[in-house]
Structure formats: C-alpha cells, structure tokens
Amino acid sequence: MTAPMFETFAALLLAHVLADFVLAGARAHGAPGPFAGHVLLVFALSAAALGGVWPLALLVALAHMMIDLLVMVGLPARLRNGFVVFLADQTAHLCVLMIAAVYMPEAARAGLWGAALGPVVVPALVVSGLILTLSAGAEAVGRLTAPYAEEFRAQGLPRAGQMIGYLERGVIFLLLWIGQPAGIGFLIAAKSLLRLEAAKEQRASEYVIIGTLASFGWALAMGSATLAVIEAAIAAR
C-alpha cells in the first residue's frame, strides 16, 4: 500500500471504531430508527475523517449497512450474537475499508485536512488499535464466554470482571508498544495468583481460564496487528 492509501485507511478505520465501539449506543441493530442512526453516524464520522470527501464516505456507509443487514436479517439470534459472527462481521468491515483505500487512495488528501494528514496517521492507527483492543475486545470476550455465563455466576463486584479485562488488555497493548512482550508472562502469573481462590472450584476456574485466555489472546492479536500496520505505514512514507 502507498502512503495515500494508508492515510485514507487510517481515517476510515478511526471513524469505524468510533462508530461501532465508542459511540455504540446507536448500534442497536434491532429497531429501524437506531439502526438508521448508526448508519448515518458511520457516514458522518467517515466524511469528517476524510475532510469532507463524502462520496467515499457514502460508499463505506452503504457497505456497512449491507453487512449489518446481512447479520440482522440473515442469521437467527442465537448465531447473530455469537463470537464467530462478530469476528466475521468486523473482518468484513475492515475489508471494505481496505478496498475503499485502494479504490480512492487520494480521498483523504483531497479533503480539508490535506497534507496535514501525514503526521497524524500513526496516532490515528494507535487510537484505533487501542479501541479495538479494549472495547472490541470486551465485546469479543463477552460473546465468547456468554454460553458459560449461565453456569457460572461470579460473586464479586458488579462489572469488575469487565474492568479487569479492559486493564489487562491495555497493559498488554502497552507492553507490546514499548517492546517488552516478556512482561505479559508476569501479568499472567500475577492474575493467576490473584485468582487462586476462584481456581479451587472447577467451574469457576474453567470460566476464568476461558475468559483470561480469550482476553490475552485478543489483546496480543490486536496489539501485534496494530504494530504491523504502523510499521507498514511508516515504511510507505
């Protein structure tokens, strides 16, 4: 990919993660009103990120709508809310963004931000990667562990597990960013010691292991992918 392609992709990616995960309140894929609001939000954020280049933003929003409609209408609820469908849905969205960047590579440079985009590509990719690691990770892990949640009810603080997940994925992202992946091993050891009491009960220990491995695996995948994309963007300059 060329430098202009990375600029357009970074802009569209940031708009996508903001719409799907940070401003996800509009992503109520059940009622027509909230769904239409979500699609309009994707369009507005994409157009803003591209500096007002609305034709490409419109194409991206329409593709986003079609993918989400396929999930909403084409799949039963028991599959729609699963981890595999979530992964396929997000992969399809990312493919659309890459195709859009290849189709109109100069879109971002043609917008209001113009030449000023160059220095902000890496920060935009870092923010997007962090959102994918934290917020998308929370949804991914939640969907993966949902089938076991009925069998295991934690007695801890409300939403504490989710907050722990955010923190551990954030630490992993930071360790990868500063080039200290060995620290992840210490993080695993520390969490194992803190969860020692829960591990005495089989169902609790299995549930914790599934959630922990899913959270760590997601953070490693997103963090590594973010670093790889950033390195490629820098090399393309």
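The values are calculated or read from the model by the stated rules, or taken from the named source; none is laboratory data. Everything quoted here is computed from the prediction, not taken from an experiment. So basically every Cβ, Gly included, is an ideal-geometry build from the backbone, and we count neighbours across all protein chains shown. Side chains included, ligands, DNA and RNA excluded: accessible areas come from the protein's heavy atoms. Shrake-Rupley method; radii C 1.70, N 1.55, O 1.52, S 1.80 Å.
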Would you work out what percent of the accessible area of the chain, with all protein chains in place, is carbon or sulfur (probe 1.4 Å)?
-> 73 percent
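Starting from the Cα gyration tensor of region 1-117, take the square roots of the eigenvalues, sort them a ≥ b ≥ c, and report rounded, prolate or oblate (rounded when a/c is under 1.5, otherwise prolate if a/b is larger than b/c, else oblate).
Numbers: a/c = 2.50, a/b = 1.82, b/c = 1.37.
Prolate.
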Net charge of neighbours whose Cβ lies under 15 Å from the Cβ of Gly223, counting Lys and Arg as +1 and Asp and Glu as -1 = -1
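Helices from the chain with mean Kyte-Doolittle at least 1.0 and a Cα length along the axis of 27 Å or more, per DSSP H: which? Working shown, then result.
Numbers: long enough: 54-74 (29 Å, 1.97); 83-103 (30 Å, 1.80); 202-235 (49 Å, 1.07).
Helix filter hits for the chain: 54-74, 83-103, 202-235.
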Per residue accessible area of the chain, 1.4 Å probe, in Å² | 52 Å²
Roughly what would the spin-label model give for Ile188 and Ala36, points 7 Å off Cα along C-beta, in nm?
-> 5.0 nm
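When the helix-only estimate is applied to the chain (DSSP H runs of n ≥ 4, each -39,500 (n - 2.57), divided by the residue count), what is the mean residue ellipticity at 222 nm, nearest 500 deg cm²/dmol?
Details: 11 runs with 171 residues, N = 237.
That calculation yields -24000 deg cm²/dmol at 222 nm.
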Looking only at Ile172, Ile67, Ile188, which one moves most when the chain is put into a Gaussian network model with springs between Cα atoms under 10 Å?
-> Ile188
Sort 114-121, 72-79 for me by packing, meaning the mean count of neighbouring Cβ atoms within 10 Å per residue, highest on top.
-> 114-121, 72-79
